[in-house]
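Below: one structure, written as structure tokens.
The values are calculated or read from the model by the stated rules, or taken from the named source; none is laboratory data. Keep in mind that what you see is a predicted model, and the values were worked out from it rather than measured. A quick note on method: Cβ atoms are made from the backbone with ideal geometry, for glycine too, and the neighbour counts reach across all protein chains shown.
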Amino acid sequence: MRARRSACGPSEPLTARRSAGPRIPHTGGGLLQGARGRPRTLERVQELHDAPLAPLTTFRLGGPANRLLTATTDDEVVAAVRAADAAGTPLLVIGGGSNLVIADKGFDGTALHIATSGFTLDDTRLELAAGENWSAAVARTVRAGLAGIECLAGIPGSAGATPIQNVGAYGQEVSATITEVIAYDRRADEVVTIPNADCAFSYRHSRFKADPDRHVVLRVRFELEDTDGLSAPVRYAETARVLGVEVGDRVPAAVARETVLGLRAGKGMVLDPGDHDTWSAGSFFTNPVLDQDAHAAFLARVAERLGPDTAPPAFPAGDGLIKTSAAWLIDRAGFTKGYGTGPARISTKHTLALTNRGQATTEDLLALAREVVAGVEEAFGIRLVNEPVTVGVSI
């Protein structure tokens with residue numbers, strides 16, 4: 001293994017990364033007060049009123065928030081959350097906005113946009129501020145010759161969202177490389193360090209998603225692998241096929257990253273302002289995970305509808321569970337690429353993405369989502385679950 005230099009973002013000295021978390025001004029359960037009774041930390045936070053939230057989401061949908069704060073440091077994030085909690089004000093935390101569906105009426109409360117920055121690499125240990133652009137961070141680790149997250153390239157959004165969703169794609173999940181999550185615990189009113197084992201990671205899920213009002217992610221720490229520029233073993237069959245290798249082989253990490261970016265772009269999964277197929281949240285539905293009885297009933301429905309020789313995708317999901325493909329279900333239920341006639345339609349590149357064609361409202365999107373959910377359930381007896389977080393609406 002070759003020697004590796006430490007690297008950190010322009011305003012993130014390496015010494016700060018070794019602490020358990022940021023030291024937040026705090027006295028007696030309140031905040032340090034400025035001259036007019038306003039918390040001093042909040043005096044530096046950008047504040048807007050009746051602020052549109054659509055520009056902060058990749059769907060470009062949603063109405064305004066009563067108040068929008070933009071925090072650029074961990075101290076500002078915690079101060080803003082504390083102030084909202086103390087006032088009893090509803091709080092919506094927004095990172096990259098790539099997994100968010102906001103009601104047309106907007107949000108009756110304070111929206112907090114986390115715009116913190118910080119990339120620190122110490123040998124194979126990586127720490128990212130919650131507001132750090134995820135795809136750019138992946139690219140930097142690949143350039144540093146490290147492996148572990150290269151197949152998560154091109155996923156839109158910020159680093160703080162990755163542990164919440166247990167973000168994964170093309171054979172990798174962040175749960176395999178995250179060591180710790182630094183978060184503000186709103187119940188305990190303190191910054192805490194949560195090790196991987198206590199994050200309750202599962203398929204597109206975590207303790208943070210299960211209890212969304214408790215923790216606000218500030219930083220995420222990873223342990224990557226020094227492979228002298230090679231990737232982690234390729235685990236996804238489609239990636240291996242395009243690369244011309246066997247599952248389990250390693251390739252140059254840069255090649256793996258570029259291959260994944262190409263695959264994602266071909267499915268409209270890489271953000272492009274000029275391509276309405278990318279005005280989406282990526283995969284809108286999670287892949288269903290079935291127990292043995294549910295899977296047997298599903299196979300019977302498939303045989304009845306599509307014929308006994310039709311074999312739907314099936315992947316082991318542990319503990320005797322079986323995962324099938326939401327995209328396959330949607331397509332075979334009759335919702336093909338480009339489905340829809342209104343301003344919200346299924347992507348022309350991938351059936352799993354619902355898109356805003358430019359003039360859609362959130363209600364347009366929800367109507368399409370409900371139609372797909374109902375159609376798949378009628379056809380196969382499986383109810384799809386949305387992956388994006390909904391605010392003020394339900395499907």
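Yes or no, residue by residue, for (1) loosely packed, with under 12 Cβ neighbours inside 10 Å; (2) within 29 Å of ALA265 (Cβ to Cβ); (3) modelled with pLDDT of 95 or more:
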| position | (1), (2), (3) |
| --- | --- |
| ALA294 | no, no, yes |
| ARG301 | no, no, yes |
| GLY307 | yes, no, yes |
| PRO313 | no, yes, yes |
| ALA327 | no, yes, yes |
| GLY338 | no, yes, yes |
| ARG345 | no, yes, yes |
*Which residues, taken from region 277-313, are in contact with a helix residue (DSSP H, G or I) (Cβ under 8 Å, 6 or more places away or on another chain), part of a loop (DSSP other than H, G, I, E, B) and either charged (D, E, K, R) or under 30 Å from GLY62 (Cα atoms) (or both)?*
SER283, PHE284, THR286, ASN287, PRO288
*What residue, among those in region 351-374 that are surrounded by fewer than 22 Cβ atoms within 10 Å (Cβ to Cβ) and touching a helix residue (DSSP H, G or I) at 6+ places or on another chain (Cβ under 8 Å), is farthest from PRO55 (Cα to Cα)?*
ARG357
_Condition first: of a type in the set (Lys, Arg) and modelled with pLDDT under 95. Can you find one or more residues in region 192-208 that meet it?_
yes
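Being within 21 Å of the chain's Cα centre (by Cα), at pLDDT 95 or above and not polar (S, T, N, Q) narrows it down to one residue among GLY95, GLY145, GLY88; which is it?
GLY95
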*asked:* Is it the case, given these coordinates, that ALA200 is on the phi > 0 side of the Ramachandran plot, aliphatic (A, V, I, L, M) and either surrounded by fewer than 17 Cβ atoms within 10 Å (Cβ to Cβ) or touching a residue at least 60 places away in the same chain (Cβ under 8 Å) (or both)?
replied: yes
*Of (1) part of a strand (DSSP E or B); (2) within 19 Å of GLU173 (Cα to Cα), LEU121 satisfies all except one. Which?*
(2)
*Among the residues of region 138-152, count how many are in contact with an Asp or Glu (Cβ under 8 Å, 6 or more places away or on another chain) and either basic (Lys, Arg) or not in a helix (DSSP H, G or I) (or both).*
4
*Matching residues in region 210-222 - criterion: being buried (at least 16 other Cβ atoms within 10 Å of the Cβ) and either modelled with pLDDT under 95 or out of contact with any helix residue (DSSP H, G or I) (no Cβ under 7 Å at 6 or more places or on another chain) (or both)*: ARG219, ARG221, PHE222
*So which of LEU243, LEU271 ends up being of a type in the set (A, V, I, L, M) and in contact with a Pro (Cβ under 8 Å, 6 or more places away or on another chain)?*
LEU271
*Is there any pair with a first residue in region 48-74 that is touching a residue at least 12 places away in the same chain (Cβ under 8 Å) and a second that is assigned to a loop (DSSP other than H, G, I, E, B) and among the β-branched types (Val, Ile, Thr) whose Cβ atoms are under 7 Å apart and which are 6 or more apart or on different chains, and what are they?*
LEU61/THR361; LEU69/VAL45; THR70/VAL45; ALA71/VAL45; ALA71/THR116; THR72/THR116; THR73/THR116; ASP74/THR116
*Considering (1) assigned to a helix (DSSP H, G or I); (2) free of Cβ contacts under 8 Å to residues at least 24 places away in the same chain, say which one ASP85 fails and leave the rest.*
(2)
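Determine, yes or no, whether GLU238 is modelled with pLDDT of 95 or more and either in contact with a Pro (Cβ under 6 Å, 6 or more places away or on another chain) or assigned to a strand (DSSP E or B) (or both).
For GLU238, the condition - modelled with pLDDT of 95 or more and either in contact with a Pro (Cβ under 6 Å, 6 or more places away or on another chain) or assigned to a strand (DSSP E or B) (or both) - is not met.
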*Any idea how many residues of region 116-140 are more than 19 Å from SER231 (Cα to Cα), of a type outside the set (D, E, K, R) and surrounded by 20 or more Cβ atoms within 10 Å (Cβ to Cβ)?*
8
*With (1) outside the structural domain of THR348 (by TED's automatic domain parsing); (2) within 21 Å of the chain's Cα centre (by Cα) as the list, and SER280 as the residue in question, which single condition is left unmet?*
(1)
